[in-house]
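Presented below is the structure to which this report refers.
The values are calculated or read from the model by the stated rules, or taken from the named source; none is laboratory data. Only a predicted model underlies this, so the values are computations on that prediction, with no experimental measurement involved. Ideal geometry is used to build each Cβ from the backbone, glycine not excepted, and the neighbour counts take in all protein chains shown. Heads up: the accessible areas ignore ligands, DNA and RNA and are worked out on the full protein's heavy atoms, side chains in. Shrake-Rupley method; radii C 1.70, N 1.55, O 1.52, S 1.80 Å.
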Amino acid sequence: MATFSPAQYDALERAIADRRRIEVRRQAAHDLVVVPRSLRLVDGRERIDAVHPTTGDRLDLWVDELVGFDVVR
């Protein structure tokens, strides 16, 4: 379960506003690069609504299932 710092949330919110890619790390899964569109609260859980940068497929990423993320520069 991820616990992000205020600085990490700021970076995520800035990536959403600027439409910058992020690399997410999930437990027992490969790293994934996505373009985050929004951060929402759904049934008490935070969800990143994102799209795959190449295919345009929509992805829902639950923050509590992430190990971490980095903004791609």
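Over the chain, dividing the summed -39,500 (n - 2.57) contributions of all DSSP H runs of at least 4 residues by the number of residues returns a 222 nm mean residue ellipticity of -5500 deg cm²/dmol. Close amide H partners of Val67, meaning residues 5 or more places away or on another chain with modelled amide H under 5 Å apart, are Arg25, Arg26, Gln27. Each of Trp62, Phe4, Val34 was placed along the dipole of the chain (beta-carbon charges, centred on the mean Cα), and the one lying farthest toward the positive end is Val34.
Note on the chain: with charges restricted to the Cβ of Lys and Arg (+1) and Asp and Glu (-1), its dipole about the Cα centre is near 220 debye.
Near the amide H of Arg21, within less than 5 Å, lie the amide hydrogens of Val72, all on another chain or at least 5 residues away, with H placed in the peptide plane. Sequentially through the range 32-41, phi angles give Karplus couplings (6.51, -1.76, 1.60; θ = phi - 60°) of 9, 9, 9, 10, x, 9, 7, 10, 10, 9 Hz, Gly and Pro residues having no value and appearing as x.
With θ taken as phi - 60° and the Karplus curve 6.51 cos²θ - 1.76 cosθ + 1.60 applied, the whole-hertz 3J(HN,Hα) list for the range 65-71 is 9, 8, 8, x, 7, 9, 7 Hz, x standing for glycine and proline. Set against the labelled values [x] 0.92; [y] 0.95; [z] 1.52, Rg/Rh (Cα atoms, Kirkwood Rh) computed from this structure falls on [x].
Under the classification rounded if a/c is under 1.5, otherwise prolate if a/b is larger than b/c and oblate if not, where does the range 1-40 fall, given a ≥ b ≥ c as square roots of the Cα gyration tensor eigenvalues? In terms of gyration-tensor shape, oblate. Summarising the label geometry, the points placed 7 Å from Cα in the beta-carbon direction at Arg25 and Asp70 lie 0.8 nm from one another. Each residue of the range 10-24 was assigned a 3J(HN,Hα) from its phi angle through the Karplus curve 6.51 cos²θ - 1.76 cosθ + 1.60 (θ = phi - 60°); the sequence is 4, 5, 5, 5, 5, 5, 5, 4, 8, 6, 9, 6, 10, 9, 9 Hz, with glycine and proline shown as x. Over the range 6-73, accessible surface divided per residue gives 65 Å², non-protein components excluded, 1.4 Å probe.
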